[in-house]
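Participant: This is the structure I have questions about; it appears just below.
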């Protein structure tokens with residue numbers, strides 16, 4: 001097993017769905033196969049306008065020939081492992097190139113940086129994950145398990161070489177797999193996508209401590225196979241989140257707000273909805289709720 005970088009762009013000609021599959025030609029089969037059972041990091045090319053850089057991590061479950069395209073293969077993502085980074089990590093940031101493996105002996109970017117599928121060292125993987133998941137005080141949990149800041153204070157996430165590197169690697173992987181951590185990272189990602197504003201009421205409420213009262217809702221719940229990706233999320237106030245999870249409200253593909261006919265007080269529900277009658281879209285079009293997740297909610301949760 002080995003870690004890797006998969007280059008992805010939203011306007012790609014390839015049949016990619018980062019939380020589910022990554023399509024690639026046969027020339028990358030050997031490199032991609034080495035990542036089976038291990039983690040990869042997605043990278044959006046720098047030439048893309050407003051590139052997200054390294055924007056997510058996921059674990060490769062298996063690789064299969066693409067039944068629809070001869071000579072193409074699909075790297076299938078292990079369900080529940082995809083995670084959007086709250087902090088997109090630029091390829092060339094304030095401290096220089098973060099993926100040191102693409103540099104040649106002279107410290108210049110080599111041709112390896114052009115490979116759509118390429119190996120990633122443990123050190124580079126850890127560095128990118130640390131930057132992608134770094135937490136600010138505004139989003140730290142009020143209670144709960146040790147967070148990334150605590151781990152850093154304990155000296156376990158230093159960027160210098162330490163003995164027993166496999167234990168340091170395991171620390172990152174355990175962190176990526178923690179449900180409590182993933183929920184916290186998903187909240188940060190969704191709040192940033194919607195500027196801490198409830199998509200249905202339109203309200204942006206901040207408490208006295210500077211913390212947004214809005215919550216991050218999965219459209220298709222994690223327990224039903226929903227991924228931790230921005231297009232599977234909505235920023236909702238607590239009451240609306242409760243109604244959404246219980247199927248009293250839902251959304252059409254064009255984000256029109258639906259109110260269940262089974263609600264005992266539909267007029268009160270409608271009084272909470274913003275005047276447009278449509279959910280407010282996220283700041284970036286890429287983060288817009290995906291029709292597949294909205295359809296799942298209407299079919300399996302909404303009480304029409």
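Please treat every number below as a calculation from the coordinates, not as lab data. The structure displayed is predicted, hence computed values, not measured ones. Using ideal geometry, Cβ is built from the backbone for each residue, glycine included, and neighbour counts are taken over all protein chains shown.
Participant: For the chain, modelled as a Gaussian network with Cα springs under 10 Å, which listed residue fluctuates most, 220, 170, 197?
Facilitator: Checking each option, the largest mean-square fluctuation is seen for 170.
Participant: Quick one: in region 224-288, what % of C-alpha pairs are over 19 Å apart?
Facilitator: Numbers: 671 of 2080 pairs.
Value for region 224-288: 32 percent of Cα pairs lie more than 19 Å apart.
Participant: Within region 217-255, which residues have the backbone N less than 13 Å from the label spot 7 Å out from residue 278 along Cα→beta-carbon, could you tell me?
Facilitator: 252-255
Participant: Follow-up. With a 10 Å cut-off between alpha carbons and a GNM built on the chain, which of 228, 174, 84 moves the most?
Facilitator: Looking only at 228, 174, 84, the biggest GNM fluctuation is shown by 174.
Participant: Here is a further query. Using Cβ counts within 10 Å as a stand-in for footprinting exposure, how do 102, 222, 249 rank, fewest first? Mind showing how you got there, number by number?
Facilitator: Details: 102 20, 222 16, 249 28.
The fewest-first ordering by Cβ neighbours comes to 222, 102, 249.
Participant: When the chain is fully extended, how far beyond the present Cα-Cα distance does residue 246 get from residue 265, taking 0.36 nm per residue of separation?
Facilitator: Working: separation 19, 0.36 × 19 = 6.84 nm, distance 1.42 nm.
Between residue 246 and residue 265, full extension yields 5.4 nm more.
Participant: Going by alpha carbons, how many degrees (0 to 90, nearest 10) lie between the helix axis of 179-193 and the longest principal axis of the chain?
Facilitator: The helix 179-193 is inclined about 70 degrees to the chain.
Participant: In whole Å, how far is the Cα centre of region 170-185 from that of region 229-253?
Facilitator: One Cα centre to the other: 24 Å.
Participant: Considering the zone a paramagnetic label at residue 195 would reach in this model (a point 7 Å from Cα along the Cα-to-Cβ line), which residues of region 48-89 have amide N under 18 Å from it?
Facilitator: none
Participant: Which residues does a label at residue 48 reach in region 256-298, if reach means a backbone N under 14 Å from a point 7 Å past the Cα toward the Cβ?
Facilitator: In region 256-298, the label zone of residue 48 (backbone N under 14 Å from the point 7 Å along Cα→Cβ) covers 284-288.
Participant: Starting from the coordinates of the alpha-carbon atoms of the chain, obtain the Kirkwood hydrodynamic radius over all distinct pairs and give the value in Å to one decimal. Walk me through the numbers before you get to the answer.
Facilitator: Numbers: mean 1/r = 0.0484 Å⁻¹.
After inverting the pairwise mean of 1/r, the radius is 20.7 Å.
Participant: Something else now. Report the label-to-label distance for residue 303 and residue 1 in nanometres (one decimal), using points 7 Å from each Cα along the Cα→Cβ vector.
Facilitator: Spacing of the two 7 Å Cα→Cβ label points: 4.3 nm.
Participant: Divide by every residue of the chain the summed helix terms, -39500 (n - 2.57) for each DSSP H run of at least 4, and state the resulting mean residue ellipticity at 222 nm, rounded to the nearest 500 deg cm²/dmol.
Facilitator: Values: 8 runs with 76 residues, N = 304.
The helix contribution divided over the chain gives -7000 deg cm²/dmol.
Participant: Further, regarding this structure: How would you rank 188, 284, going from fewest to most other Cβ atoms within 10 Å of each one's own Cβ?
Facilitator: Values: 188 20, 284 12.
Ordered from fewest to most neighbouring Cβ atoms within 10 Å, 188, 284 come out as 284, 188.
Participant: Shifting gears a bit: Any number yet on Rg/Rh for region 190-300, C-alpha, Kirkwood?
Facilitator: Values: Rg = 13.1 Å, Rh = 13.9 Å.
So for region 190-300, dividing Rg by the Kirkwood Rh gives 0.94.
Participant: Over region 19-73, what lengths in whole Å, largest first, do the semi-axes of the equivalent ellipsoid take, defined as the square roots of 5 times the eigenvalues of the alpha-carbon gyration tensor? Don't skip to the answer; put the middle values down first.
Facilitator: Details: eigenvalues 95, 43, 19 Å².
Three semi-axes, in Å: 22, 15, 10.
Participant: Tell me the angle of helix 165-177 to the major Cα principal axis of the chain, expressed in degrees between 0 and 90 and rounded to the nearest ten.
Facilitator: So the inclination is approximately 20 degrees.
Participant: On a 0 to 90° scale, report how tilted helix 122-133 is relative to the longest principal axis of the chain, with both axes built from alpha carbons and the result rounded to the nearest 10.
Facilitator: 20 degrees
Participant: Please compute the length gained on full extension between residue 174 and residue 122, using 0.36 nm multiplied by the number of residues separating them and subtracting their Cα-Cα distance.
Facilitator: Contour length minus Cα-Cα distance gives 17.3 nm.
Participant: Oh, and also: I'd like the distance separating the alpha-carbon centroids of region 33-102 and region 268-304, in whole Å.
Facilitator: 28 Å
Participant: Moving to a separate point now. Starting from the exponent 0.38 and prefactor 2.2 Å, build the expected Rg for region 74-116 from its residue count and divide its actual Cα Rg by it. Spell out each step's value before the answer.
Facilitator: On the way: Rg = 14.1 Å, N = 43, 2.2 N^0.38 = 9.2 Å.
Scaled against compact globular proteins, the figure is 1.53.
Participant: As a footprinting exposure proxy, order 243, 1, 185, 72 by other Cβ within 10 Å, with the fewest listed first. Please list the in-between numbers first.
Facilitator: Details: 243 20, 1 9, 185 25, 72 16.
Listed from fewest to most nearby Cβ atoms, that is 1, 72, 243, 185.
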